[in-house]
1. Based on this model, can you work out whether residue 84 counts as modelled with pLDDT of 90 or more, in contact with a helix residue (DSSP H, G or I) (Cβ under 7 Å, 6 or more places away or on another chain) and surrounded by fewer than 14 Cβ atoms within 10 Å (Cβ to Cβ)?
2. For the condition under 16 Å from residue 38 (Cα atoms) and either modelled with pLDDT of 90 or more or out of contact with any helix residue (DSSP H, G or I) (no Cβ under 7 Å at 6 or more places or on another chain) (or both), what is the one hit in 70, 90, 98?
3. Could you please find all residues in region 1-57 being in contact with a helix residue (DSSP H, G or I) (Cβ under 9 Å, 6 or more places away or on another chain) and in a loop (DSSP other than H, G, I, E, B)?
């Protein structure tokens, strides 16, 4: 947002809302872009061969480790499941790269 404000010639003292600046520049909301990047990584991992360490679970979290008493951190697989449910996308589409990119694309306004 700092760069977008600078690009438009506004400062924080001008009290211009972030949505107004994003609309004037034509940039999608950052939350949707972050979701798109996480889903893009998920599709990349799904297309990997099964014997790769990322795919066969070597680098995943271990279930028998105590995670602490505070609020549990959201794991990547949990957030991806939520994104897939919210965007009505199935996991099987990730195997076709072109269809996956079309499904997770966030258009610029």
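1. Numbers: modelled with pLDDT of 90 or more: yes; in contact with a helix residue (DSSP H, G or I) (Cβ under 7 Å, 6 or more places away or on another chain): yes; surrounded by fewer than 14 Cβ atoms within 10 Å (Cβ to Cβ): no.
So residue 84 does not fit the description; no.
2. Details: 70 fails: under 16 Å from residue 38 (Cα atoms); 98 fails: under 16 Å from residue 38 (Cα atoms).
Step by step, each of 70, 90, 98 is checked, and only 90 is under 16 Å from residue 38 (Cα atoms) and either modelled with pLDDT of 90 or more or out of contact with any helix residue (DSSP H, G or I) (no Cβ under 7 Å at 6 or more places or on another chain) (or both).
3. The answer is 1, 10, 11, 16, 27, 28, 29, 47, 52, 54, 55.
The values are calculated or read from the model by the stated rules, or taken from the named source; none is laboratory data. Predicted, not measured: the structure shown is a model, and the values here were computed from it. Glycine gets a Cβ as well: all are built from the backbone with ideal geometry, and neighbour counts include every protein chain shown.
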